[in-house]
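Values quoted throughout were computed directly from the atomic coordinates according to the rules given, and no laboratory measurement underlies them. Model, not experiment: these values are computed from the prediction. Cβ atoms come from the backbone with ideal geometry, glycine included; neighbour counts cover every protein chain shown.
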Amino acid sequence: MTTGVDLGQPQAQAIRSDEDVVRVRQLVRSVAVAVKLSLVDQTKVVTAASELARNTLVYGGGGSVEVVIVDNGRRKGVQIVFADSGPGIPDLDLALTDGYTTGGGLGLGLSGARRLVDEFEIETSAETGTRITVTKWSR
Amino acid sequence: MALNAEESGRLAALLGGHAEQVTARWTEIVTGSLRGRLSQAELRRQVQDLHSAIATTAGQGVVDLSAESSGELRAALTELSRGRARQGFSASETTISIFALKDVLAELVQKDGGTNALHDYIAFSKLVDELGLFTFESFVRTRESLIADQAEQLLELSTPVVKLWEGVVAVPLVGTLDSARAQVVMERLLQTLVDTGSPYAIIDITGVPAVDTQVAQHILKTVVAARLMGADCIISGIRPQIAQTIVALGIEFGDIATKASLADALRHVLRLTGVETARRQPRRDV
């Protein structure tokens, strides 16, 4: 985990439908603007959030997201935690391979999201579902 | 909450006996709450309509808003709330027009005195509450239908296919491209290609805030479908931040032509079709 300190209240959003994915994007964008991320980084973190939120919805059967501003002393950043209680990811290495998909997509969502953010952590098991934490720091 | 025949009779007598006074006072109270956003004459007409609807219904005996005989009263209330909803008044500004009747009745009942004054006022008050709730409900219904209409209009509005040049059509995409909209866009584009016989289509994504893998996949599918129909697609409006995001995501557009702006895309197509554009030289006589 990052050694950051929470600034302000974490903002939560349930992911139950396609509209919620749009809400997650808007929430992440507003927080990214608040920590003064550059336009490129805003777009990157919003896109990563969009991918992961859709994964939570499609593969995790819905879940929740929490967005929080973090501060490591030198820089501020956006940290987003996606959690679902779905079936988990059986083969993480395979799932993170470009072009691998079980859902008919492009197979770039998970691997692409990892490239779009600065820190990417994933905990998954069949019992507790999947929990992905990503962080994007301002430059 | 309905009034019985006796109470209705007294209500009808009150409203009928002091018709001028009731409507004048009622209009006066409502005017204050609307702060002059509705003309005095218009308001007076509305209040008179309501007054006559209530008086007529009360005159017929039992007043029960859900009964068949109250059709006219319901229609009057619905008309009022619909009008207000469309004119942009708030829910409280609308229902206050009904609740104002309470104040009017209170003054009347107090003046008339009588042994039944309190009993009557409570009964009338309950009736007014019911009328107010009905008005509120129908106000909300009107607003909901307005919102539904707007959502539909937005879907229509956000997916136009425009003709840019002979044989060149363009789809300027604006906003979120979800599956439903992507489907509409693809259908419109393919239909327009058939209708106009255009060999070129430009998909402009300047107005799409984030291009993730789902959006990219929808665009790619649209391009492939257009190609199957013999049309060439160009994607334009790729801003720097979108370009970097697409690279990081690892999305490949393959041999599909992409341009930074719609102008570049149009110039590209014109060049392909052999159209030359040049600035006009001022003609000089030698």
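Which ones in segment B:162-187 are over 13 Å from B:ILE205 (Cα atoms), among the hydrophobic types (A, V, I, L, M, F, W, C) and touching a strand residue (DSSP E or B) at 6+ places or on another chain (Cβ under 7 Å)?
From segment B:162-187, those over 13 Å from B:ILE205 (Cα atoms) are B:162-169, B:178-181, B:183-184, B:186-187; that's our starting set.
Keeping just the survivors that are among the hydrophobic types (A, V, I, L, M, F, W, C) gives B:162, B:164-165, B:168-169, B:180, B:184, B:186.
Selection gives B:VAL162, B:LEU164, B:VAL168, B:VAL169.
Counting only helices (runs of 4 or more DSSP H) that sit wholly inside segment B:198-285, those with at least 3 residues that are under 22 Å from B:ASP178 (Cβ atoms) are B:213-228, B:240-249. For B:THR213, the criteria (1) under 31 Å from the mean Cα position of the chain (by Cα); (2) more than 25 Å from B:ARG271 (Cβ to Cβ) hold in every case but one, which is (1). All of B:LEU262, B:LEU270, B:LEU220, B:LEU266 fail the test of being touching a residue at least 24 places away in the same chain (Cβ under 8 Å), surrounded by 15 or more Cβ atoms within 10 Å (Cβ to Cβ) and within 14 Å of chain A (Cβ to nearest Cβ), apart from B:LEU220. Within segment A:116-133, the residues that satisfy the criterion of being in contact with a Pro (Cβ under 9 Å, 6 or more places away or on another chain) and touching a residue at least 40 places away in the same chain (Cβ under 8 Å) are A:GLY129, A:THR130. One residue stands out in segment A:91-110 among those that are buried (at least 18 other Cβ atoms within 10 Å of the Cβ) and under 15 Å from the mean Cα position of the chain (by Cα): the one that is farthest from the other protein chains (Cβ to nearest Cβ), namely A:LEU110.
Just to be sure before I move on: is A:THR43 free of Cβ contacts under 8 Å to residues at least 12 places away in the same chain, under 27 Å from B:LYS221 (Cβ atoms), outside any loop (DSSP other than H, G, I, E, B) and within 14 Å of chain B (Cβ to nearest Cβ) in the structure I sent? Step through it out loud before you land on a result.
Working: free of Cβ contacts under 8 Å to residues at least 12 places away in the same chain: yes; under 27 Å from B:LYS221 (Cβ atoms): yes; outside any loop (DSSP other than H, G, I, E, B): yes; within 14 Å of chain B (Cβ to nearest Cβ): yes.
Judged against the criteria, A:THR43 is a match.
Let's see how each residue does on (1) closer than 19 Å to A:ASP18 by Cβ; (2) surrounded by fewer than 19 Cβ atoms within 10 Å (Cβ to Cβ); (3) within 14 Å of another protein chain (Cβ to nearest Cβ):
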| position | (1), (2), (3) |
| --- | --- |
| B:TRP165 | no, yes, no |
| B:GLN183 | yes, yes, yes |
| B:THR192 | no, no, no |
| B:THR196 | no, yes, no |
| B:ALA201 | no, no, no |
| B:ALA226 | no, no, no |
| B:MET229 | no, yes, no |
| B:ILE246 | no, no, yes |
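Among the conditions (1) of a type in the set (Lys, Arg); (2) over 24 Å from A:ALA14 (Cα atoms); (3) in contact (Cβ under 8 Å) with a residue 40 or more places away in the chain; (4) surrounded by 14 or more Cβ atoms within 10 Å (Cβ to Cβ), the only one that A:ARG139 does not satisfy is (4).
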